[in-house]
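Take a look at the structure below.
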Amino acid sequence: MAVKTKDYYEMLGVSRSASADEIKTAYRKLARKFHPDLNPGDKAAEEQFKLLQEAYDVLSDAENRKLYDQYGENWRAVKQGGGPPPPGWQGTRTAGAGAQGGGFDFKDFEFGGFRGGAGGFDIFEEMFGGRAGAGRARRPARGADVEAELEISLEEAHRGGRRTLQMQVAEICPTCNGTGEVKENQTCQTCGGSGQVAKTKTIEVNIPAGVRDGSTVRLAGQGGAGLNGQQPGDLYLHIRLRPHPVFTVRGDDLEVELPVAPWEAALGTKVEAPTIDGKVELTVPAGAQSGQRLRLRGQGLNKRKGGRGDEFVRLKIVVPKKISEEERRLYEELDRVSKFNPRSGR
Ligand SMILES: [Zn+2]
């Protein structure tokens, strides 16, 4: 696939009278086709890409293009040999490439490193959703996969739910249909030739029951748009669980603290305990201890593949800070009759 000729116009497939816009459009189109990231391991494509860069570097610079038109392949030697360099020469992208005298060495030329220089742009970023903010390329040759975080409540994690999200994604430019140009080699003004525009997209998200903090929900085809008929990317939603005021999450299980009065713990009682689905009656056995955990089997979180975790109710014996006269009398009587010594080393 490598081009034999070194004619820059031929390489870009444009006429010698092509406008700067036409050159740019032609270059972008071909660069997309031969970009190393789209042709992994393809040496011919890599070589072609380097040549395209070289051609574009020269022809996109009005002054260099003029010299090239006049002297052909020897333009650089003419330029360097001919007295003091014109202003701006040292600052252009090709500066230094011919430092050893006319030779062009592109070995040091970094792919995607279109930094600096007039009209420089990063084709990789443009193609793969850099404009979409959260976008990050995973698989080239199709639209960008977009990653985002979604914070949900514990109830949503348990029962599932629906969410409407607004996302910034790369879409195919509606003006040029993703080609980057309107008719007759004119760069599309809407997208600047990239074929993509950033757009706010409304997405309906189904949160499946059983997701957890750190789960990832993949929404196929909801990422960045693919260029030139390529498939769109996917949207990856990383689930964050909002802390719950009552329940602590431990895997599939829930834990909740339940305060009980000293006499409730001593005598045993039935109390209402909160669960993720509402209240249930819980039997506190006589002689219950502070910190003791009572299991409510199957009252934990729904699991992704069916079944449920458990809920653990952790008892906390709470002593009243203020007591009435009568309570005081009863405590004093208890103190008198009880043989219980909590420090007897039991
Ligand atoms: Zn466009």
Within segment 217-257: Cβ-based charge dipole about Cα centre, in debye rounded to nearest 20 (Lys, Arg +1; Asp, Glu -1) = 240 debye
About its Cα centre, how strong a charge dipole does segment 167-293 have in debye, to the nearest 20, once Lys and Arg get +1 and Asp and Glu get -1 at the Cβ?
-> 200 debye
In whole percent, what relative contact order does segment 133-260 give with Cα contacts below 8 Å and a gap of six or more residues?
-> 32 percent
The correct ranking of K199, K339 by accessible area at 1.4 Å, largest first, is K339, K199
Dipole magnitude of segment 256-337 about its Cα centre, charges +1 at Lys/Arg Cβ and -1 at Asp/Glu Cβ only, in debye to the nearest 20?
-> 700 debye
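Defining a contact as two alpha carbons under 8 Å apart and six or more residues distant in sequence, what relative contact order in percent does segment 234-292 show? Don't jump to the answer; show the numbers that get you there.
Numbers: 52 pairs, mean separation 14.0, N = 59.
Value for segment 234-292: 24 percent.
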Over 25 Å (Cα to Cα) - which of K279/K322; K201/K303; K24/K183; K6/K43; K270/K321 fall in this group = K279/K322; K201/K303
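When only the heavy atoms of the protein chains count and the probe is 1.4 Å, how do V182, V284 rank by accessible area, highest first?
The ranking, largest first, comes out as V182, V284.
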Collect residues whose amide H, placed 1.01 Å from N in the peptide plane, falls under 5 Å from the amide H of V205; neighbours closer than 5 in sequence don't count.
-> R163, T164, L165
Largest-first ranking of T202, T187 by accessible area, probe 1.4 Å, whole protein assembly kept, is T202, T187
When the charge dipole of segment 180-312 is computed with +1 at the Cβ of Lys and Arg and -1 at the Cβ of Asp and Glu, the Cα pointing farthest to the positive end, of L254, I207, G268, is that of I207
Relative contact order [Cα under 8 Å, 6+ residues apart], segment 174-227, whole percent | 29 percent
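The values are calculated or read from the model by the stated rules, or taken from the named source; none is laboratory data. Just so we're clear, the structure is a prediction, and the values are computed from it rather than from any experiment. Methodologically, a virtual Cβ is constructed for each residue, glycine included, from the backbone with ideal geometry; neighbour enumeration extends over all protein chains shown. Remember, those area values only see protein heavy atoms, side chains included, never the ligands or the DNA or RNA. Shrake-Rupley method; radii C 1.70, N 1.55, O 1.52, S 1.80 Å.
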